[in-house]
């Protein structure tokens, strides 16, 4: 008999209580909601006490903003996956969220089905970037000032570019006309070369360096 994956335990942090309650109602059939907080100070205490698998964060959460809270949570609970809800579509905000350890970024206006998809991916150690953000984020990466790292190949940097833009491995394979296994090989080779353990960390590596993939 196939072993069932444990239900992900989720902490919701949003200063709009009605939105937080709506998220709770939507997610409870599939996930365990262990708490709701409405400010950054309570978030840190709750994260420490509850040790959630996933934290859903409002990027503008007071008094600490969600980005600063994100960094503190990753220091406190490195294994926690962070899913951002944001009203701000700017690519630099999205990139900064991933740089600070986010696994997913979802626009507030598309927080229904997209949020569930993001949480499923995060619970599997994958990353998710909403298509509403992806194009601008890729443009932001193209316009970054740092060049790509010399310790990965040009082909690998191209693949990383596409993954950072929100494509799945199959979509990347279709885009560059190779087999999905080839993309997987390059992805895991990059992770080995860069000593990175998860896809989310790999995407964060790209976003942190604002890599150029010319």
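Quickly rank 75-86, 179-190, 48-59 as a protection proxy: mean count of other C-beta atoms within 10 Å, highest first.
Averaged packing, sorted descending, gives the order 48-59, 75-86, 179-190.
Test of understanding: ordering 45, 15, 177 by Cβ neighbours within 10 Å, fewest first, what list do you get? Numbers along the way, then the final one.
Working: 45 10, 15 16, 177 7.
Lowest to highest Cβ neighbour count: 177, 45, 15.
Each value in this text was obtained by applying a stated rule to the coordinates, not by laboratory testing. Please read all numbers here as calculations on a predicted model, not as lab measurements. All Cβ positions, glycine included, derive from the backbone under ideal geometry; neighbour counts span all protein chains shown.
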